[in-house]
Amino acid sequence: MLIISCSHGGHLGRRTAKKSGLHHSRIIADKFPDNELRVKFNIDLKNHVVALVQSFYGNISDCIIEVVLAAKTAKELEARKIILLAPYFPYMRQDKRFNSGEAISQEIIAELIGNYFDSVYLIDPHLHRTKRLENVFKIKSYNLSAASLIADYIKNNIKNPVIIGPDEESNKWAKNVAEKLKVDFRILKKKRYSSYHVEVKLDKKINLKNKNAVIVDDIVSTGHTIIEASKTLNRLGAKKIYCLCVHGIFADNALSRLNNAGIEVISTNTIPSKAAKIDVSGILSSALHVN
Ligand code: R5P
């Protein structure tokens, strides 16, 4: 097997290959003057299982086109099997037609990827209305989780934690982490009016005196969910507010806004950033080893 990092996968591809004792290389992905992508392999792929590593952040559309071009080319260059290691996979939240006329992007993007890859490995994909990854992809898919790493981080770094899920969708991450740590947890109620306007409320009181409130969620995008949750937690007297997330997208300068609101944010490195302190390469490496 060859581990080959795409433009947004180098931060994990190299480490994953090293942990697995596999050869690592990068594809060349640059742009023509008209903004079209050019993708090129610089090693022989014939008869190899090729694992492309790409996390989908920044210019997500380019990231998608890049892996499609790369996977199809790998097949033409006689790779035996083509795998996508996608630490963060996009479009999972668009799992229904929220407004009439809207695309159900989750299905469409999964179908596109499924046309070119033999299998996919995703870390904590946002599964809500579609509960199982097998129902999203028609190809073989592996749903990996960073919950244990997040629990370990909290255990080693945060005293007296109470785990808070900021909305119903965060329940499986927050509950899972709280159970691993054997500490209290509470799920808040969120109402979303738009991408930038959410309301987060508590429906049953919780005493946070002398406790550190640790908000656990899969994705932080604009950060509004976390900022609204933190207002409630501050009112309840939390000593300090932390946010532990798997995928730190941090759109619109969210990390600075969260930090300025007094929230300490820690994420995994599915997406690189200043907050990405939890390394997930071991999860990818173990998954490749097992399967
Ligand atoms: C959705 O339910 C997710 O779990 C996150 O809570 C959401 O994506 C966060 O978005 P934002 O940071 O823009 O409020």
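The values are calculated or read from the model by the stated rules, or taken from the named source; none is laboratory data. Source: prediction; values computed, not measured. Cβ sites come from the backbone with ideal geometry, for glycine too, and all protein chains shown count toward neighbours. For accessibility, only protein heavy atoms count, side chains too; no ligands or nucleic acids. Shrake-Rupley method; radii C 1.70, N 1.55, O 1.52, S 1.80 Å.
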* For the range 200-291, what is the convex hull (Cα atoms) projected area averaged across all directions, in square nanometres? -> 7.1 nm²
* Asked: Using a 1.4 angstrom probe and counting only protein chains, how large is the accessible area of THR232 in Å², to 10?
  -> 10 Å²
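Given the Cα atoms of the range 29-104, and with Rh set as the inverse mean 1/r over their pairs in the Kirkwood sense, what is Rg to Rh to two decimals?
Values: Rg = 15.1 Å, Rh = 14.2 Å.
That ratio is 1.06, to two decimals.
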* To do: From zero up to wherever the largest Cα-Cα distance of the range 16-152 sits, split into 10 Å bins and tell me the percent of pairs in each.
  => 11, 39, 34, 14, 2
* Of all chymotrypsin sites (Phe, Trp or Tyr not before Pro) in the range 130-237, which ones are in loop regions per DSSP and have a Cβ with at most 13 other Cβ atoms within 10 Å? -> TYR196
* To do: Pull up the cross-link candidates among the aspartates and glutamates for LYS46, meaning alpha carbon to alpha carbon under 12 Å and not fewer than 8 places away within one chain.
  => GLU76, GLU78
* Asked: Which pairs in the list LYS72/LYS274; LYS201/LYS240; LYS40/LYS138 are over 29 Å apart, alpha-carbon to alpha-carbon?
  -> LYS72/LYS274
* Against the longest principal axis of the chain, how steep is helix 281-290, in degrees 0 to 90 to the nearest 10, with axes from Cα atoms? -> 60 degrees
* Structure fact -> Helix 60-76: inclination vs the chain longest Cα principal axis, degrees, rounded to 10, gives 30 degrees
* To do: In whole angstrom, note down how far apart the Cα centers of the range 174-250 and the range 17-82 are.
  => 37 Å
* To do: Starting from the Cα gyration tensor of the chain, multiply each eigenvalue by 5, take the square root, and state the resulting semi-axes largest first in whole Å.
  => 35, 20, 17
* Asked: Nearest 10 degrees, 0 to 90: what angle lies between the long axis of helix 10-20 and the longest principal axis of the chain (Cα atoms)?
  -> 80 degrees
* **the range 134-282 shape via C-alpha gyration tensor axes, a/c threshold 1.5** => rounded
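How large is the Kirkwood hydrodynamic radius of the range 85-142, in angstrom, based on all distinct alpha carbon pairs? Numbers along the way, then the final one.
Details: mean 1/r = 0.0862 Å⁻¹.
Answer for the range 85-142: a Kirkwood hydrodynamic radius of 11.6 Å.
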